[in-house]
Amino acid sequence: FGSMSQERRLHPRAVVRLPAQLGRGKDSWEESLLFDLSAAGAAVHTHEALPLQSEVRLRFRMPLGEDGEPIELTVTTLVVRTGPPEQAAQHYSHVAGLHFLDLRGEAFDRLRAHVWAMVDQQATEHA
């Protein structure tokens, strides 16, 4: 996953620590930790390896919407990368890179604006 951050990306990526859930069954949700977020996808720490090219649902809450309220998103994703975490991440043993398949319209615009704001804030903090 080290090379992920060095690749050229269409969408900026923000470093985050957001609780998330992964859905692989009809009503089955598993705890995960979202640690990398863009308008096109995310990287999460998981308890179990996810099969490459499988579809999973990702549910998470962004801290603030335009109205000051948290925004909850549920997105269908495609697992595009898997592997062990580069460093200890609480009690998680795997990492998965997820590409968003059905994030469009207002939800996409709000997520993109939120990620840009986080990227700007993180750049300012590290300048």
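The values are calculated or read from the model by the stated rules, or taken from the named source; none is laboratory data. It should be emphasised that the depicted structure is a prediction, and the values quoted were computed from it without experimental measurement. Neighbour counts run over all protein chains shown; Cβ positions are idealised from the backbone, glycine included. Note: areas computed on protein heavy atoms with side chains; ligands, DNA, RNA excluded. Shrake-Rupley method; radii C 1.70, N 1.55, O 1.52, S 1.80 Å.
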>> Among the residues of the range 13-58, what is the count of those that are farther than 25 Å from Arg110 by Cβ and small (Gly, Ala, Ser)?
In response: 4
>> Suppose we filter the range 2-26 for residues that are over 14 Å from the mean Cα position of the chain (by Cα), open to solvent by 50 Å² or more (accessible area, probe 1.4 Å) and at pLDDT below 80; how many remain?
In response: 7
> Does Arg112 fit the bill of being in contact (Cβ under 8 Å) with a residue 12 or more places away in the chain, part of a helix (DSSP H, G or I) and not β-branched (Val, Ile, Thr)?
Replying inline: yes
> Do you know which residues across the range 49-73 are small (Gly, Ala, Ser) and free of Cβ contacts under 8 Å to residues at least 12 places away in the same chain?
Replying inline: Gly68
> Only one of (1) surrounded by 12 or more Cβ atoms within 10 Å (Cβ to Cβ); (2) within 27 Å of Ala123 (Cα to Cα); (3) at pLDDT 90 or above; (4) not charged (D, E, K, R) is not met by Val56, so which one is it?
Replying inline: (2)
> Looking at the range 77-123, which of the residues that are surrounded by 13 or more Cβ atoms within 10 Å (Cβ to Cβ) and polar (S, T, N, Q) is nearest to Leu58 (Cα to Cα)?
Replying inline: Thr77
> Just for the range 27-47: of the residues that are in a loop (DSSP other than H, G, I, E, B) and farther than 22 Å from Met118 by Cβ, which one is most open to solvent (accessible area, probe 1.4 Å)?
Replying inline: Asp27
>> Let me confirm something: among Thr82, Thr124, Thr46, Thr76, which residue is without any contact (Cβ under 8 Å) to a residue 24 or more places away in the chain and over 11 Å from the mean Cα position of the chain (by Cα)?
In response: Thr124
>> If Leu50 satisfies all but one of (1) surrounded by fewer than 15 Cβ atoms within 10 Å (Cβ to Cβ); (2) modelled with pLDDT of 80 or more, what's the number of the condition it fails?
In response: (1)
